[in-house]
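One structure is given here, and the rest of the page talks about it.
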Amino acid sequence: MNDEMEPDVAGTAQAIALSRRLRWSCYAIRAVAAIWLAFDAAASLWNWTDRARMREILSALYGLEPARVSDAGIMGAAAMTVVSVAAAAIFVVAVWRLAGVYLEGRVFTPEAADRMRGVALAGFGATLTDMIVRPIGAAMLASELLRKAPLYNWFNPNDLLYLLVSGFVLALAAIFRAAAKIAADHARIV
């Protein structure tokens, strides 16, 4: 009778160890994502609030006459940065929600795969938003900045990396969704 009542201790120990590692990983991912977003927002706020310093930076980097950079241009470029940070916030929320599904123990489920797909789509969205916002913000600062800014201001090689990683996560989500469906079908048969 005892044999029937006692769970498989080795299997349980492995499940607990995996669960513990997964929990800490999820908490770490959530913390890093939140810190990254807070840093991005704080750095953007720090950069755009001191208009005189921003004019000096633009003059030093691109040779723009400080008088030609209007307050409205600085505010417009700052607004474009807010749009970019908002897109990044959507990405962080998607990551947070995926980690939450994992923390609830639903790792290899269709819902987890859908959340992973959401992370990938939010990554695409944040990257594309940033790629569009950069030249618009530069044009708002000064039209001559469009031709003086270096190429990486318009197309940063990191953008390609972010798009590649988002595509990879999207593919993984499709694989995990198919695996969850196969597992569910197998469980119904057994």
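What to note about this one:
- For region 47-78, a tally of residues being touching a helix residue (DSSP H, G or I) at 6+ places or on another chain (Cβ under 6 Å), in contact (Cβ under 8 Å) with a residue 40 or more places away in the chain and farther than 20 Å from Ile132 by Cα returns 3.
- For region 134-142, the condition holds for at least one residue, the condition being that it is more than 19 Å from Arg21 (Cα to Cα) and charged (D, E, K, R).
- Selection from region 129-179 of residues that are surrounded by 13 or more Cβ atoms within 10 Å (Cβ to Cβ), among the small types (Gly, Ala, Ser) and within 26 Å of Ala78 (Cβ to Cβ): Gly137, Ala138, Ala139, Ala142, Ala149
- Per this entry, Ala60 is counted among residues that are part of a helix (DSSP H, G or I) and farther than 30 Å from Arg115 by Cβ.
- Test: residue in region 80-89 that is touching a Gly at 6+ places or on another chain (Cβ under 8 Å), more than 27 Å from Tyr27 (Cα to Cα) and either at pLDDT 95 or above or surrounded by 16 or more Cβ atoms within 10 Å (Cβ to Cβ) (or both): yes
- Complete set of residues in region 170-190 that are among the β-branched types (Val, Ile, Thr) and touching a Leu at 6+ places or on another chain (Cβ under 9 Å): none
- Of all the listed residues (Ala149, Ala122, Ala180, Ala142), the sole one being hydrophobic (A, V, I, L, M, F, W, C) and free of Cβ contacts under 8 Å to residues at least 40 places away in the same chain is Ala122.
- Residue list for region 101-118, filter: assigned to a helix (DSSP H, G or I) and either touching a residue at least 60 places away in the same chain (Cβ under 8 Å) or more than 16 Å from the chain's Cα centre (by Cα) (or both): Val101, Tyr102, Leu103, Pro110, Glu111, Ala112, Ala113, Asp114, Met116, Arg117
- Matching residues in region 144-161 - criterion: being more than 16 Å from Gly63 (Cα to Cα), modelled with pLDDT under 75 and either of a type in the set (A, V, I, L, M, F, W, C) or in contact with an Asp or Glu (Cβ under 8 Å, 6 or more places away or on another chain) (or both): Leu151
- Where Arg106 falls short, out of the listed (1) surrounded by fewer than 16 Cβ atoms within 10 Å (Cβ to Cβ); (2) more than 23 Å from Ala31 (Cα to Cα); (3) touching a helix residue (DSSP H, G or I) at 6+ places or on another chain (Cβ under 6 Å): (2)
The values are calculated or read from the model by the stated rules, or taken from the named source; none is laboratory data. Just so we're clear, the structure is a prediction, and the values are computed from it rather than from any experiment. Methodologically, a virtual Cβ is constructed for each residue, glycine included, from the backbone with ideal geometry; neighbour enumeration extends over all protein chains shown.
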